[in-house]
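Undergrad: Attaching a single structure in structure tokens format; questions to follow.
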């Protein structure tokens with residue numbers, strides 16, 4: 001996947017984003033405008049209140065973990081003690097990954113979980129990602145209820161004799177790795193015999209703990225770069241081509257089989273081939289799905305902004321492809337409905353329901369290694385075997401007072417003869433290309449995605465619609 005990313009910046013006025021999936025913002029500044037200690041306590045209290053209203057139990061447990069962000073320790077301290085104040089036991093897994101916390105919720109039969117991470121956002125950001133008792137992100141109804149509770153602030157904290165406690169829950173990452181190794185489709189024995197050599201870029205977050213553990217268990221020689229979990233990101237933490245120059249150079253220098261990069265909370269995964277060429281995060285899901293479908297034929301799901309290549313290989317393997325609105329909870333909901341054997345998002349997020357319903361870079365790595373082992377081909381050869389599409393991604397930052405929904409409605413009306421998909425923004429399909437416009441749930445921007453058979457066509461399509469948006473503002 002060749003990608004061109006264009007950024008159109010207007011004034012950025014919002015740094016605290018309240019959504020159904022949690023709260024995300026920049027550290028410091030004024031309350032209600034940024035993710036301050038008061039905002040952290042407020043939304044943790046709202047989650048705790050919602051949890052008690054929806055889980056009638058005598059005692060409550062919540063798993064809490066964080067990535068390695070500089071602000072993580074501070075935020076987790078506030079989260080932990082707020083839950084204690086609400087009479088809830090905190091199972092503290094400390095430095096962890098998003099999928100690790102998800103798995104720990106079910107392993108410890110907890111009532112929910114909170115992951116302290118802003119995913120791919122820069123270091124000044126942090127967030128509270130909220131989980132239910134299944135270790136899955138909250139649906140729209142639950143998320144909306146928590147926002148309403150936070151608005152009303154009608155809290156009832158525990159009396160002194162009924163305070164919760166913080167219990168360290170050690171070994172969560174080790175347990176996660178072991179469960180990956182036990183998956184039937186992970187060919188651990190043959191992978192070990194291949195003696196792969198892999199360079200790992202974990203952007204100095206918790207992937208630097210988890211991924212080397214997994215690779216060591218699979219007999220893979222690991223060359224770590226940026227694997228010290230200090231939270232000082234050496235480059236923009238979003239795993240895109242323009243941020244992976246050092247990884248690409250290191251793969252060639254070390255004569256490695258390929259390179260791995262993850263985002264700070266390890267739910268997004270991308271590869272670099274043996275020549276230092278970016279595999280394309282869109283194709284992480286394509287490759288892993290190809291392997292899973294070859295063993296367990298069935299249906300697949302990805303979101304509206306993901307490459308058509310997944311649909312192509314699913315049909316080739318005799319399955320049916322389905323699309324969902326953007327967002328992990330939407331993909332999961334659709335996967336359950338159509339009983340998909342694998343799914344995810346084109347941002348490098350692999351969801352393998354045989355394991356759990358959450359994006360998981362560790363399971364993605366294990367499935368990819370199993371694919372390489374079985375095909376006995378170089379990574380570049382495998383990439384060349386898949387349908388080749390080019391994608392262009394642009395984003396327009398939002399100014400205060402913009403009627404974003406109105407703008408998207410105008411685009412929908414303009415292209416009504418194309419019968420656009422409107423389950424999430426508006427997606428318009430052309431004969432050999434498509435464009436998707438949507439308001440982001442995590443950043444104050446409009447995203448413009450376009451895909452076509454050539455980079456020139458995709459870029460021109462994206463720029464065309466950016467201009468149309470600008471004319472409507």
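FYI, it's all coordinate maths here, none of it is from the lab. As the structure is a computational prediction, the values presented were derived from the model and not from experiment. So basically every Cβ, Gly included, is an ideal-geometry build from the backbone, and we count neighbours across all protein chains shown.
Undergrad: Would you please put 84-92, 342-350, 401-409, 152-160 in order of how densely packed they are, using the mean number of other Cβ atoms within 10 angstrom per residue and starting with the highest?
TA: Values: 84-92: 21.1, 342-350: 28.3, 401-409: 14.0, 152-160: 10.7.
Sorting 84-92, 342-350, 401-409, 152-160 by mean packing, highest first, produces 342-350, 84-92, 401-409, 152-160.
Undergrad: In the range 36-170, what percentage of the DSSP-assigned beta bridges are antiparallel, given to the nearest 5? Show your work: numbers first, answer last.
TA: On the way: 5 of 20 bridges.
Given both bridge residues lie in the range 36-170, the antiparallel proportion sits at roughly 25 percent.
Undergrad: At what distance in nm do the modelled label points of residue 418 and residue 53 sit from each other, each positioned 7 Å from its Cα along Cα→Cβ?
TA: 4.1 nm
Undergrad: Can you put 421, 230, 307 in order of Cβ neighbours within 10 angstrom, beginning with the fewest?
TA: Numbers: 421 17, 230 13, 307 24.
Ascending Cβ contact count within 10 Å gives the list 230, 421, 307.
Undergrad: In addition: At a Förster distance of 35 Å, what's the computed FRET efficiency of residue 249 paired with residue 315, Cβ-Cβ distance as r, to 0.05? Spell out each step's value before the answer.
TA: On the way: r = 37 Å, r/R0 = 1.07.
FRET efficiency, residue 249 to residue 315: 0.40.
Undergrad: In percent, what relative contact order does the range 181-303 have, based on Cα pairs under 8 Å that are 6 or more apart in sequence?
TA: Working: 215 pairs, mean separation 28.9, N = 123.
Value for the range 181-303: 23 percent.
Undergrad: So, one more: What is the chain by shape, rounded, prolate or oblate, if you read a ≥ b ≥ c off the alpha carbon gyration tensor as root eigenvalues and call it rounded for a/c under 1.5, prolate for a/b larger than b/c, and oblate otherwise? Write out the running numbers ahead of the final one.
TA: Working: a/c = 1.61, a/b = 1.14, b/c = 1.42.
Note, shape of the chain comes out oblate.
Undergrad: For the range 215-348, what is the convex hull (Cα atoms) projected area averaged across all directions, in square nanometres?
TA: Numbers: hull surface 35.9 nm².
Averaged projected area of the range 215-348's Cα convex hull equals 9.0 nm².
Undergrad: Also, I was wondering about something else. Tell me, 24, 383 in order of fewest to most beta-carbon neighbours within 10 Å?
TA: Values: 24 23, 383 20.
Placing the least packed residue first, the sequence is 383, 24.
Undergrad: Just how far, in whole angstrom, is the range 183-260 from the range 68-101 if you go by their alpha carbon centroids?
TA: 26 Å
Undergrad: Can you work out the PRE-style zone for residue 399? Point 7 Å along Cα to Cβ, and I want the residues of the range 443-473 with backbone N under 14 Å.
TA: Counting backbone N atoms under 14 Å from the label point, the list is 470-473.
Undergrad: Expressed as a rounded percentage, what relative contact order does the range 36-170 have, with Cα pairs under 8 Å and six or more residues apart? Walk me through the numbers before you get to the answer.
TA: On the way: 242 pairs, mean separation 44.6, N = 135.
After rounding, I find 33 percent.
Undergrad: Tell me, in nm to one decimal, what length is gained between residue 354 and residue 74 on full extension, where the rule is 0.36 nm per residue of separation less the Cα-Cα distance?
TA: 97.3 nm
Undergrad: Restricting the count to DSSP beta bridges whose residues both fall in the chain, what percent are antiparallel, rounded to a multiple of 5?
TA: On the way: 41 of 82 bridges.
Percentage antiparallel, nearest 5: 50.
Undergrad: For residue 193 and residue 453, FRET efficiency with R0 = 51 Å and r from the beta-carbon atoms, rounded to 0.05?
TA: Details: r = 39 Å, r/R0 = 0.76.
Once rounded, the FRET efficiency stands at 0.85.
Undergrad: Could you tell me the distance between the Cα centroids of the range 117-157 and the range 383-426, to the nearest Å?
TA: For the range 117-157 versus the range 383-426, the Cα centre distance is 27 Å.
Undergrad: Next question, about the same structure. For the chain, what is the mean residue ellipticity at 222 nm derived from helices alone (per DSSP H run of n ≥ 4: -39500 (n - 2.57); sum divided by total residues; nearest 500 deg cm²/dmol)? Walk me through the numbers on the way to the answer.
TA: Details: 15 runs with 176 residues, N = 473.
Using -39500 (n - 2.57) per qualifying helix, the result is -11500 deg cm²/dmol.
Undergrad: Got the relative contact order for the range 391-472 handy, in percent, Cα pairs under 8 Å and 6 or more residues apart?
TA: Details: 121 pairs, mean separation 28.9, N = 82.
Relative CO of the range 391-472 lands at 35 percent.
Undergrad: Right, something else. Please give the contour-minus-distance gain from residue 216 to residue 388: 0.36 nm per residue of separation, less the Cα-Cα distance, rounded to one decimal in nm. Please list the in-between numbers first.
TA: Details: separation 172, 0.36 × 172 = 61.92 nm, distance 3.28 nm.
58.6 nm is the gain from fully extending residue 216 to residue 388.
Undergrad: On full extension of the chain, what length is gained from residue 31 through residue 429, given 0.36 nm per residue of separation minus the C-alpha to C-alpha distance? Spell out each step's value before the answer.
TA: Values: separation 398, 0.36 × 398 = 143.28 nm, distance 4.24 nm.
Taking residue 31 through residue 429 to full extension adds about 139.0 nm, to one decimal.
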